[in-house]
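Take a look at the structure set out below.
The values are calculated or read from the model by the stated rules, or taken from the named source; none is laboratory data. No experiment lies behind these values; they were computed from the predicted model shown. Note that each Cβ is placed from the backbone with ideal geometry, even for glycine, and that neighbours are counted across all protein chains shown.
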Amino acid sequence: MGMRTNAAHYMQLPRDILIGRGVLGRLIEVCRRLGFHTAIAVLTGARVYEIVGRTIIKDLHRAKYTVDVSFVEEANMQALAQARTHIQAAEPQVILGVGGGSAIDVAKLAATAEAIPFISIPHRCLPRWHCKSARLH
């Protein structure tokens, strides 16, 4: 059987992509430019939180954001339900998925389910991994 070539596919691409050195240091600038000024939910893994998450949270607090942090270790329905519960209680303007695939996948699904904007900060964007890009959804 051959592959269908006329099938339509829908793909949602990031709204903005910020690439280059120091993009993580521009997170607050980006949030403000996109109109997020009060509450942020951060979904991340425990390892990433220890490496750089604490710094991100401190920077957000210094910029007067209310921040709710949820830890995601696996991408499954239980993790999604827990993330949505945290997000509903926090009422954030934006959700940050920080780290690896599981945290970003759960953050993106939760953001979609809750109709809240999403910013993806892949672990390769974090200082230990020599950041090259960030995707803003």
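Here are the numbers:
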{"read-out": "Looking only at segment 65-95, and only at residues there that are free of Cβ contacts under 8 Å to residues at least 24 places away in the same chain and of a type outside the set (A, V, I, L, M), the one that is surrounded by the fewest Cβ atoms within 10 Å (Cβ to Cβ)", "value": "Q78"}
{"read-out": "Some residue of segment 11-28 being closer than 14 Å to F118 by Cβ, at pLDDT 90 or above and under 16 Å from the mean Cα position of the chain (by Cα)", "value": "yes"}
{"read-out": "Options H37, H61: the member that is in a helix (DSSP H, G or I), more than 15 Å from the chain's Cα centre (by Cα), surrounded by 11 or more Cβ atoms within 10 Å (Cβ to Cβ) and at pLDDT 80 or above", "value": "H61"}
